[in-house]
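Undergrad: Dropping a structure here in structure tokens format, bear with me for questions.
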Amino acid sequence: MLQWTLLLVLGLLSRQTAIAKKSVVEPRPSWTPILEGEAVTLICHGVGPLKEERAWWYKNQQSRGILSTNIIQTNQPGEYRCQTQGSTLSDPVNLVFSSELFSPPDLKTTTSEPIEGTPVNLSCETQLSPQRLDTKLYFSFTRDGMVITSSGKNSHVLQIPAIQTKDSGSYRCEAKAVTQNILKQSNYVKISVKSGNLSSFNSSEKISHLSLGLIVTQFIVVVLAASALLFFFGPWSKSGKREFLPGSKARS
């Protein structure tokens, strides 16, 4: 009886020792899913002092082949394990990067065919993830592939107080999260600036309408005059009988 009790105690101690020697992977931050561009720190805990530990790392059940520091950083999805000297292989930690930090920007303009000298605004619109609303984005605008403004400020609007014909072209904007090193570009928007100003355009329009009115008026006068001549000098009298001009003869 004493022998069986001793064997049972030794078995339990051996099992606890094996469990205590298993390495542990600690992710920081610990939540999942993780947003794109974010780096995750993985710490491999073993049985030795933290500052002296070194570890083998495994990704998707494949060894990285080197004994390195017990702390690594990664922004790649996958299954990670580690093993320190004197410890057994850890349980897996699965990293999932499934959410966008911000959506691809959409470039919008107040008008795509402005008249020269009028103001135009371009807006680079995007949506941040609800979990990262405090992320700072920096915006820049290009025309025909050339940078026309690169903001060091958090402004998503480009204001052109008085646009010129030389400003015509294909516009695009970029949104960048500097900390995460993520850059996204918008769609292209073509802007064609019309020459001239609004007042001269309205004056020309008024002149065209006036000329058309004069033509219509002249046509009405001619029709009325012709109607009057037929009424007074036509072959029919007010009594409805046929009348003949002096010197004419009735036909048999």
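Undergrad: Keeping all protein chains in place and using 1.4 angstrom, which order do Asp106, Asp167 fall into by accessible surface area, from largest down?
TA: Numbers: Asp106 60, Asp167 15 Å².
Ranked from most to least accessible, the order is Asp106, Asp167.
Undergrad: Here is a further query. Calculate the FRET efficiency for Arg64 and Asp134 from the Cβ-Cβ distance with a Förster distance of 25 Å, rounded to the nearest 0.05. Show your work: numbers first, answer last.
TA: Working: r = 34 Å, r/R0 = 1.37.
Efficiency, rounded to the nearest 0.05: 0.15.
Undergrad: For an R0 of 51 angstrom, estimate the FRET efficiency from the Cβ-Cβ distance between Lys166 and Trp31 and round to the nearest 0.05. Walk me through the intermediate numbers first.
TA: Details: r = 51 Å, r/R0 = 1.00.
In this case the efficiency is close to 0.50.
Undergrad: Multiply the residue gap between Tyr188 and Val147 by 0.36 nm, knock off their C-alpha separation, and tell me the result in nm, one decimal place.
TA: Result: 13.4 nm gained on full extension.
Undergrad: Of the cross-linked pairs Lys136/Lys184; Lys136/Lys166; Lys108/Lys194; Lys59/Lys176; Lys22/Lys59, which ones have a Cα-Cα span greater than 23 Å in the structure shown?
TA: Values: Lys136/Lys184 14 Å; Lys136/Lys166 33 Å; Lys108/Lys194 19 Å; Lys59/Lys176 30 Å; Lys22/Lys59 17 Å.
The pairs that break the limit, which is 23 Å between Cα atoms, are Lys136/Lys166; Lys59/Lys176.
Undergrad: In terms of the ratio Rg/(2.2 N^0.38 Å) built on C-alpha atoms, what value belongs to the range 20-98?
TA: Scaled against compact globular proteins, the figure is 1.04.
Undergrad: Turning to a different aspect of this structure: What is the gain in length, in nm to one decimal, between Asn94 and Glu38 on full extension, counting 0.36 nm per residue of separation less the C-alpha to C-alpha distance? Spell out each step's value before the answer.
TA: On the way: separation 56, 0.36 × 56 = 20.16 nm, distance 1.51 nm.
Separation in residues times 0.36 nm, less the Cα-Cα distance, equals 18.6 nm.
The values are calculated or read from the model by the stated rules, or taken from the named source; none is laboratory data. This structure is a prediction, so every number in the text was calculated from the model and none was measured. All Cβ positions, glycine included, derive from the backbone under ideal geometry; neighbour counts span all protein chains shown. Quick note on the areas: whole protein, heavy atoms, side chains included, nothing else; ligands and nucleic acids left out. Shrake-Rupley method; radii C 1.70, N 1.55, O 1.52, S 1.80 Å.
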